[in-house]
2 protein chains.
Amino acid sequence: MTAGGIPPENDPPAVAHWNRGVLRSINERVLLDRVRAAAPISRAQLARDTGLSKPTVSTALDALERAGLVRAVGLETGARGRAALLYEPDPTAGYVVGIDVGRSWIRVAVADLDGRLLARQDRHNRARTSATMLATATDLAQTVVADAGLTPTAVVHTVIGCPGVYDRAADRIRYAVNLPGWGRPGLRGRMESALGTTVDIVNDANLAALGEYHSGAGVGCPLFVYVTVGTGLGMGIVADGRLFPGASGAAGEIGFLPLSPRPSDRVGHGASAPVPRRGMLEDAVSADAVVRGARALGMTGPLTAKGVFDAARRGVEPAAGAVRHEAQRLAHVVAAVTAVLDPELVVLGGGIGANADLLMGPMTAALHELTPLRPRVAASGLGEEAVLLGAVATAVSTARERVFAHHAQG
Amino acid sequence: MTAGGIPPENDPPAVAHWNRGVLRSINERVLLDRVRAAAPISRAQLARDTGLSKPTVSTALDALERAGLVRAVGLETGARGRAALLYEPDPTAGYVVGIDVGRSWIRVAVADLDGRLLARQDRHNRARTSATMLATATDLAQTVVADAGLTPTAVVHTVIGCPGVYDRAADRIRYAVNLPGWGRPGLRGRMESALGTTVDIVNDANLAALGEYHSGAGVGCPLFVYVTVGTGLGMGIVADGRLFPGASGAAGEIGFLPLSPRPSDRVGHGASAPVPRRGMLEDAVSADAVVRGARALGMTGPLTAKGVFDAARRGVEPAAGAVRHEAQRLAHVVAAVTAVLDPELVVLGGGIGANADLLMGPMTAALHELTPLRPRVAASGLGEEAVLLGAVATAVSTARERVFAHHAQG
DNA sequence: TAGTTAAGGAATTTTACTTTACAAACCGGT
DNA sequence: ACCGGTTTGTAAAGTAAAATTCCTTAACTA
């Protein structure tokens with residue numbers, strides 16, 4: 001009959017069934033968002049806020065209540081007319097797990113859909129292989145879920161933060177130099193079957209950035225970057241509340257920033273490179289560099305970056321000099337990022353955020369000499385908690401989507 | 001009665017009039033997009049593609065046709081059954097003007113809503129004041145509109161590309177060092193009253209990036225940057241087809257990239273700066289730097305960047321060396337951008353794009369030594385036309401939105 | 001206790017979609 | 001030339017969901 005032997009199934013419509021109750025879903029979504037934003041709130045107020053009619057609000061809210069997404073919370077009394085029934089989002093509609101797999105600590109937290117932490121535990125990360133680290137994390141997660149009095153099936157979603165760039169297509173982590181075996185493919189699938197939830201794996205600096213956006217120094221900021229300096233150098237970019245991941249998830253990997261050619265333009269003769277040597281800025285800015293700088297200025301003995309900062313705080317001059325130099329180098333990093341991205345705000349985390357009292361002043365001064373662009377600069381509001389809180393916040397967002405989608409379609 | 005003397009106007013609904021025919025608008029929008037994507041196309045095919053029913057498609061398409069947004073274009077004959085009436089977007093529903101105010105040329109083009117150029121003119125930019133430049137541009141625009149046989153009122157929107165960063169809030173251009181008087185506030189208002197259309201003012205590198213996205217080397221690419229090197233250094237970032245403007249519109253101003261500290265970490269004593277001198281990479285990479293490099297390698301006489309490239313193409317060794325050095329420096333710029341943004345593609349324009357045959361090889365080789373990230377690198381597909389075509393393409397997008405919105409709401 | 005004000009809900013109308021049915025138009029074959 | 005097969009476009013009927021209108025209920029106020 002037709003060309004092929006098998007009658008070709010109609011191509012799936014470019015717009016999947018727009019008309020079967022989609023408007024209803026949209027309205028329910030709008031109402032749920034509004035309840036989240038202005039809880040506790042009455043049906044009548046919702047109608048005024050959204051422009052929907054009262055009957056529509058009522059039926060939609062009934063549906064949301066039956067689905068367990070919102071719940072009545074009390075009566076608004078004291079005003080003139082009839083008392084209003086107030087509603088709020090039901091945080092027990094689902095729970096999430098956030099995990100921070102750091103180089104020395106593994107932290108796990110459980111939260112409800114409001115983002116309230118119900119339980120958490122930290123454990124020293126002594127494992128040095130991918131398998132044991134994964135086992136520690138899942139074990140800890142199960143413990144914490146039990147601590148919160150939840151069954152594992154109540155958990156809707158898990159977000160794991162770790163160093164490196166997770167390549168979703170290949171299901172493996174790239175550029176995670178310090179975690180042996182961590183680059184083996186299939187990580188996500190293993191985590192999902194071990195935890196019994198969906199799992200997202202996200203770079204730790206990116207999660208920290210999202211954490212600062214949701215509850216730290218970057219709350220509500222439409223475009224900011226989170227820069228962390230510690231063992232290495234990392235950055236997360238948050239634009240309009242969402243991560244800017246780059247084409248392969250590697251946006252913000254400023255450890256790969258190259259060292260620029262000398263400003264003096266005196267090129268050598270022939271093939272002698274005008275670039276002094278190839279290398280990454282990471283070596284020049286990370287915690288080790290602070291120690292190296294302090295040694296070069298005459299400090300002796302067993303030194304750590306923290307020790308140098310503490311000494312500088314006590315007024316020890318070589319340490320203070322090393323700190324000033326670190327501020328200079330950091331200013332270069334921030335200036336480079338600023339020239340490319342033009343963020344409104346730069347949040348400093350990691351070791352830098354912890355020593356912002358010393359670094360911020362000279363850093364901003366150096367920055368102002370380097371570029372006419374003037375982003376606000378602030379210290380992290382969450383400190384070491386940033387990654388974990390970011391994981392939880394991201395998981396909550398995803399879980400909210402999923403719970404609503406399940407109600408609307410399933 | 002209520003608290004305040006003036007009864008407070010109800011807050012505008014958070015969701016602006018969801019009620020009145022929203023679903024209809026959405027469907028009409030979907031249909032119009034589909035007609036644009038697959039013209040010429042029949043009502044029956046539209047129904048199949050969108051998942052809407054045939055009657056719905058018919059009534060919506062009637063509305064679009066009455067509004068002048070689509071038009072019947074012929075009959076599909078030769079197939080099995082009844083001949084189908086075919087529709088296409090009506091490009092005469094509105095027209096746009098694109099203007100490229102460059103340092104030496106002012107270019108103007110008029111296009112219809114399909115983006116087809118109807119007329120264009122270029123004129124040498126001899127003006128050196130803001131006022132005369134503006135007068136030249138508006139004069140040229142009016143001429144070109146007349147050339148196209150249009151009345152000025154047929155033009156819906158104008159987009160102007162120029163150096164610098166347009167600050168929408170302050171209505172003035174910042175960082176446009178080479179255009180005296182161009183930073184005076186009120187530019188947009190003056191242009192709008194002079195041209196009788198709405199006007200957008202956009203950085204020229206950003207427009208070139210959009211041009212490459214719509215019809216150049218970056219067609220359909222979800223994340224790419226356009227880097228232009230000429231008198232200065234500029235960049236535009238396109239993510240998901242839209243410009244990434246940054247917090248103040250200055251994203252991509254890589255002329256402000258700082259020169260990094262020396263990689264050798266030997267900090268000096270006391271306050272002697274570890275940063276050799278403050279300065280911007282722009283000086284080290286722009287066209288002038290090519291000439292300086294060539295002189296340093298022994299070339300004499302009156303030199304231009306173009307001359308150096310031509311000489312290198314003829315095999316003159318000092319020139320070839322200068323080009324290699326330029327490629328090295330350019331690789332540093334690209335590596336820095338890549339570390340921050342992780343683009344899928346880097347499009348090279350301006351003088352670099354014109355000499356991609358010489359630069360691309362050594363540039364990518366140097367890039368691969370600087371970073372493990374490997375963005376694709378390509379030469380501009382539009383050359384000197386990029387800014388103008390980008391202005392037109394952007395104006396077409398805005399005009400399409402506006403024309404449809406006018407039909408849906410007005 | 002009566003009056004005022006606002007909330008919630010029922011009945012009705014409006015809008016805009018789908019389904020079903022059908023006439024019109026085109027092709028190919030006899 | 002004409003007829004069956006096939007597809008397009010439209011008309012009529014049916015349905016989902018929202019708006020409008022109107023009414024009851026509940027709380028505070030005088």
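The values are calculated or read from the model by the stated rules, or taken from the named source; none is laboratory data. Since we're looking at a predicted model, the values are computed, not measured. FYI the Cβ positions are ideal-geometry reconstructions off the backbone, even for glycines, and counts take in every protein chain you see. For accessibility, only protein heavy atoms count, side chains too; no ligands or nucleic acids. Shrake-Rupley method; radii C 1.70, N 1.55, O 1.52, S 1.80 Å.
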- What residue, of A:Ala38, A:Ala72, is at pLDDT 90 or above, farther than 16 Å from A:Gln409 by Cβ, more than 10 Å from DNA strand D (Cβ to nearest atom) and away from chain B (no Cβ under 12 Å)? A:Ala72
- Could you check the stretch A:95-135 for strands (runs of 3 or more DSSP E) lying wholly inside it with 1 or more residues that are touching a Phe, Trp or Tyr at 6+ places or on another chain (Cβ under 7 Å)? A:105-112, A:117-124
- Item | Single match in A:Ala251, A:Ala239, A:Ala209 (criterion: modelled with pLDDT of 95 or more and within 7 Å of chain B (Cβ to nearest Cβ)) | A:Ala251
- Per-region count, the stretch B:189-204, residues buried (at least 21 other Cβ atoms within 10 Å of the Cβ) and touching a residue at least 60 places away in the same chain (Cβ under 8 Å): 4
- Could you check A:Thr398 against (1) modelled with pLDDT under 95; (2) assigned to a helix (DSSP H, G or I) and say which number it fails? (1)
- Quick check: is even one residue across the stretch B:87-98 more than 14 Å from chain A (Cβ to nearest Cβ), within 16 Å of DNA strand C (Cβ to nearest atom) and touching a residue at least 12 places away in the same chain (Cβ under 8 Å)? yes
- Query: When the stretch A:206-254 is examined, which residues are found to be hydroxyl-bearing (Ser, Thr, Tyr) and either open to solvent by less than 20 Å² (accessible area, probe 1.4 Å) or not in a loop (DSSP other than H, G, I, E, B) (or both)?
  - Reply: A:Tyr213, A:Ser215, A:Tyr226, A:Thr228
- Task: Answer yes or no as to whether B:Gly390 is under 30 Å from B:Thr158 (Cβ atoms), part of a loop (DSSP other than H, G, I, E, B) and at pLDDT 95 or above.
- Result: no
- Of all residues in the stretch A:297-318, which are closer than 23 Å to A:Glu369 by Cβ and small (Gly, Ala, Ser)? A:Ala312
- So which residues in the stretch A:355-378 are more than 30 Å from B:Gly164 (Cα to Cα) and crowded, with 19+ Cβ neighbours inside 10 Å, if there are any at all? A:Asn355, A:Leu358, A:Leu359
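One line per residue, one yes/no per condition, for (1) on the phi > 0 side of the Ramachandran plot; (2) out of contact with any Leu (no Cβ under 6 Å at 6 or more places or on another chain); (3) not charged (D, E, K, R):
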residue: A:Arg29; (1), (2), (3): no, yes, no
residue: A:Ser42; (1), (2), (3): no, no, yes
residue: A:Ser53; (1), (2), (3): no, yes, yes
residue: A:Thr56; (1), (2), (3): no, yes, yes
residue: A:Ala60; (1), (2), (3): no, no, yes
residue: A:Glu65; (1), (2), (3): no, yes, no
residue: A:Val73; (1), (2), (3): no, no, yes
residue: A:Gly78; (1), (2), (3): yes, yes, yes
residue: A:Ile99; (1), (2), (3): no, yes, yes
- Specify the residue that is nearest to DNA strand D (Cβ to nearest atom); the eligible residues are those in the stretch A:41-69 that are of a type in the set (Lys, Arg) and more than 22 Å from A:Gln409 (Cβ to Cβ). A:Lys54
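Listed here are the residues, each with its yes/no results for (1) within 30 Å of A:Ile160 (Cα to Cα); (2) more than 24 Å from the chain's Cα centre (by Cα); (3) within 14 Å of DNA strand C (Cβ to nearest atom).
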residue: A:Arg24; (1), (2), (3): no, yes, yes
residue: A:Gly51; (1), (2), (3): no, yes, no
residue: A:Thr56; (1), (2), (3): no, yes, yes
residue: A:Gly68; (1), (2), (3): yes, yes, no
residue: A:Arg80; (1), (2), (3): no, yes, yes
residue: A:Arg107; (1), (2), (3): yes, no, no
- Item | All positions within the stretch A:335-344 that are buried (at least 23 other Cβ atoms within 10 Å of the Cβ) and touching a residue at least 60 places away in the same chain (Cβ under 8 Å) | A:Ala336, A:Val337, A:Leu341, A:Asp342, A:Pro343
- Message: Out of everything in the stretch B:22-72 that is among the basic types (Lys, Arg) and assigned to a helix (DSSP H, G or I), what residue ends up being most open to solvent (accessible area, probe 1.4 Å)?
- Response: B:Arg66
- Just to be sure, is B:Ala84 away from DNA strand C (no atom under 12 Å from the Cβ) and either open to solvent by less than 70 Å² (accessible area, probe 1.4 Å) or among the β-branched types (Val, Ile, Thr) (or both)? no
- Message: For the stretch A:335-354, give me each residue that is more than 7 Å from every other protein chain (Cβ to nearest Cβ), modelled with pLDDT of 95 or more and closer than 24 Å to A:Asp283 by Cβ.
- Response: A:Thr338, A:Val346, A:Val347, A:Leu348, A:Gly349
- Query: Residue check: is B:Val347 open to solvent by less than 10 Å² (accessible area, probe 1.4 Å) and either part of a strand (DSSP E or B) or among the charged types (D, E, K, R) (or both)?
  - Reply: yes
- Message: Based on this model, can you work out whether A:Leu31 counts as modelled with pLDDT of 90 or more, within 12 Å of chain B (Cβ to nearest Cβ) and within 13 Å of DNA strand C (Cβ to nearest atom)?
- Response: yes
- Message: With the structure loaded, tell me whether B:Gly383 is on the phi > 0 side of the Ramachandran plot and more than 13 Å from chain A (Cβ to nearest Cβ) or whether it fails that test.
- Response: yes
- Hits in the stretch B:99-109 (condition: small (Gly, Ala, Ser) and touching a residue at least 24 places away in the same chain (Cβ under 8 Å)): B:Gly102, B:Ala109
- Of all residues in the stretch A:81-94 being assigned to a strand (DSSP E or B) and farther than 17 Å from A:Ala63 by Cβ, the one that is farthest from DNA strand D (Cβ to nearest atom): A:Leu86
- Task: Considering only the stretch A:293-317, state which residues are surrounded by 19 or more Cβ atoms within 10 Å (Cβ to Cβ) and of a type outside the set (Val, Ile, Thr).
- Result: A:Gly293, A:Ala294, A:Leu297, A:Met299, A:Ala305, A:Phe309, A:Ala311, A:Ala312
